[in-house]
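Engineer: Next up is a structure, given as structure tokens.
Read-outs throughout are calculated quantities, based only on the coordinates presented, and are distinct from any laboratory measurement. Being a predicted model, the structure only gives us computed values, none of them experimental. Glycine gets a Cβ as well: all are built from the backbone with ideal geometry, and neighbour counts include every protein chain shown.
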Amino acid sequence: MIYLLSLFFLLLSPLVFQLIFGIKVIKESTSFSFLEVILISSLGHVAFAIINLELMGESLKQATYRCGMAWLGLLMLEYFVGFVLLIVILTQLYILYRKNKSEKKVHNN
């Protein structure tokens with residue numbers, strides 16, 4: 001049970017990081033730039049995906065059965081979370097773009 005919880009924690013932590021710190025960057029309540037937040041969450045997702053797949057591979061080697069479908073399922077789940085992370089990043093970029101565009105319009109008038 002603890003093993004599954006650690007897999008999901010590693011799987012979802014870059015997404016949660018992007019959501020929290022992306023919103024803070026949009027509200028300008030943090031010293032990070034948006035590019036730094038994107039890089040940290042993207043590199044974290046790749047690193048945690050590799051760690052998760054290695055942990056799953058070691059777990060399957062110790063199991064009595066030799067089916068790799070659990071590993072494949074985790075890989076597909078990693079791809080899905082990566083896609084959701086990309087959608088969150090693009091949405092936050094659009095919000096930041098619209099916010100900066102409206103602020104420039106206010107300053108020009």
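Engineer: Return the lysines within reach of Lys104: Cα separation strictly under 26 angstrom, same-chain partners fewer than 8 residues apart disregarded; answer none if there are no such residues.
Structural biologist: Counting by Cα, and skipping residues close in sequence, Lys104 has these lysines nearby: Lys24, Lys27.
Engineer: Going through the stretch 55-109, which trypsin sites (Lys or Arg not before Pro) have at most 14 other Cβ atoms within 10 Å and a DSSP loop state?
Structural biologist: Here the sparse-neighbourhood loop sites are Arg66.
Engineer: How large, in Å, is the chain by the Kirkwood hydrodynamic radius built from its alpha-carbon pairs?
Structural biologist: Working: mean 1/r = 0.0635 Å⁻¹.
Evaluated on the chain, it is 15.7 Å.
Engineer: Calculate one ³J(HN,Hα) per residue across the stretch 87-93 by plugging θ = phi - 60° into the Karplus curve 6.51 cos²θ - 1.76 cosθ + 1.60, and present them in order as whole Hz with x for glycine and proline.
Structural biologist: Residue by residue, the stretch 87-93 yields 5, 5, 4, 5, 5, 5, 4 Hz.
Engineer: Among the chymotrypsin sites (Phe, Trp or Tyr not before Pro) in the stretch 34-109, which ones are in a DSSP loop with at most 13 other Cβ atoms within 10 Å of the Cβ? Mind listing them?
Structural biologist: Values: sites: Phe34, Phe48, Tyr65, Trp71, Tyr79, Phe80, Phe83, Tyr94, Tyr97; in loops: Tyr65.
In loop regions of the stretch 34-109 (DSSP not H, G, I, E or B), the sparsely surrounded chymotrypsin sites (Phe, Trp or Tyr not before Pro) are Tyr65.
Engineer: While we're looking at this one, here's another question. What relative contact order, as a whole-number percentage, does the chain give when Cα pairs under 8 Å and 6 or more residues apart are counted?
Structural biologist: 33
Engineer: Given N residues in the stretch 65-109, what is Rg(Cα) / (2.2 N^0.38 Å)?
Structural biologist: Output field value: 2.13.
Engineer: Under a 10 Å cutoff between Cα atoms, tell me which one of Leu53, Leu39, Leu93 has the largest fluctuation in the Gaussian network model of the chain.
Structural biologist: Most flexible of the set in this elastic network: Leu39.
Engineer: Sticking with this structure for a sec: So what's the angle, to the nearest 10 degrees on a 0 to 90 scale, between helix 2-26 and the longest Cα principal axis of the chain?
Structural biologist: Orientation of helix 2-26: about 10 degrees from the principal axis.
Engineer: In addition: Calculate the dipole size of the chain relative to its Cα centre from +1 charges on Lys and Arg beta carbons and -1 charges on Asp and Glu beta carbons; express the result in debye to the nearest 20. Don't skip to the end; give the middle numbers.
Structural biologist: Working: 9 positive and 6 negative charges, 101 e Å.
The dipole of the chain has a size of about 480 debye.
Engineer: For helix 34-62, what angle does its Cα long axis make with the longest principal axis of the chain, in degrees from 0 to 90 and rounded to 10?
Structural biologist: Compared with the principal axis, the helix lies near 10 degrees.
Engineer: While we're here: Could you give the length gained on full extension between Cys67 and Phe32, defined as 0.36 nm per residue of separation minus the Cα-Cα distance, in nm?
Structural biologist: 8.2 nm
Engineer: Using the 10 angstrom Cβ neighbour count as an exposure proxy, how do Thr91, Thr30 rank, fewest first?
Structural biologist: Thr91, Thr30
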